[in-house]
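Undergrad: What follows is a single structure, and I will ask about it in a moment.
Derivation of every value follows stated rules applied to the coordinates shown; laboratory data play no part. Quick caveat: nothing in here was measured; it's all calculated off a predicted structure.
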Amino acid sequence: MLQDRTGLLWFGTSSGISQYDGASFRPFEHNDSVQMRPSPFLNNEFLMQYDAENVWICGRGTEGVQYFDGQTIRTVRPAGPSWGTFLGPDRAGGLWFGMANNKVYRYDGATFLVVGEGHLTKWVTGMAEDEAGNFWFTSAEGGGVKYYDGVKYTRYTAIDGFASDDVSDVLIDQSGVVWALTQKGGRPFRRQSVPRN
């Protein structure tokens, strides 16, 4: 669910997207440009608004990444994967997605760029950007946490202090502590000034 900046409520369902204006629902179905695959899961699981104009939509049933521009729902997608999850925006204005082909994409408003190919080999489910502009990626499929400083990747696992290697999300608090959410609970983690190899 999402309340956008105009006050409208959005609901992701197994049959499409619904918008509620306080008086009535406006459904967006497959023939309203919502490109979906048949799926036993909740098709449109992720509703986000990162900018002033667009509501972004994706999930396990959508065909690519979609957004509502105030008039209609439009589809943009990287080549290959059919669906993905939102990871979040970066400080430079790019949008990040973890896609079903176990790759991470950054969308700059025009094109999708693969990031970390060969390093991020599990489905990425979470991302955080720290104060220095470095990125932390998580995977709920045993991938642990991958730290990217713009040059190289460093993998952290339960050996380094996380509660589990299955990490579904990551958050960096105001003091710079990295919090990892795992199947065995959340736990804070402080990276030393020089990551291990």
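Undergrad: Given a cut-off of under 8 Å on Cα pairs at least six residues apart, what relative contact order in percent is computed for region 122-192?
TA: Values: 169 pairs, mean separation 17.6, N = 71.
Here the relative contact order equals 25 percent.
Undergrad: Continuing with the same structure: Let me know the volume per residue of the alpha-carbon convex hull for region 122-192, in Å³. Walk me through the numbers on the way to the answer.
TA: Details: hull volume 5.4 nm³, N = 71.
Spelled out: Cα convex hull of region 122-192, divided by residues, is 76 Å³.
Undergrad: Using a Cα-Cα cut-off of under 21 Å, which lysines could be cross-linked to Lys103, ignoring same-chain neighbours fewer than 8 residues away?
TA: Cross-link targets: Lys122, Lys146, Lys152.
Undergrad: How far, in nm, would the chain grow between Ala132 and Leu171 when pulled straight, counting 0.36 nm per residue and subtracting the alpha carbon separation?
TA: Values: separation 39, 0.36 × 39 = 14.04 nm, distance 1.46 nm.
Between Ala132 and Leu171, full extension yields 12.6 nm more.
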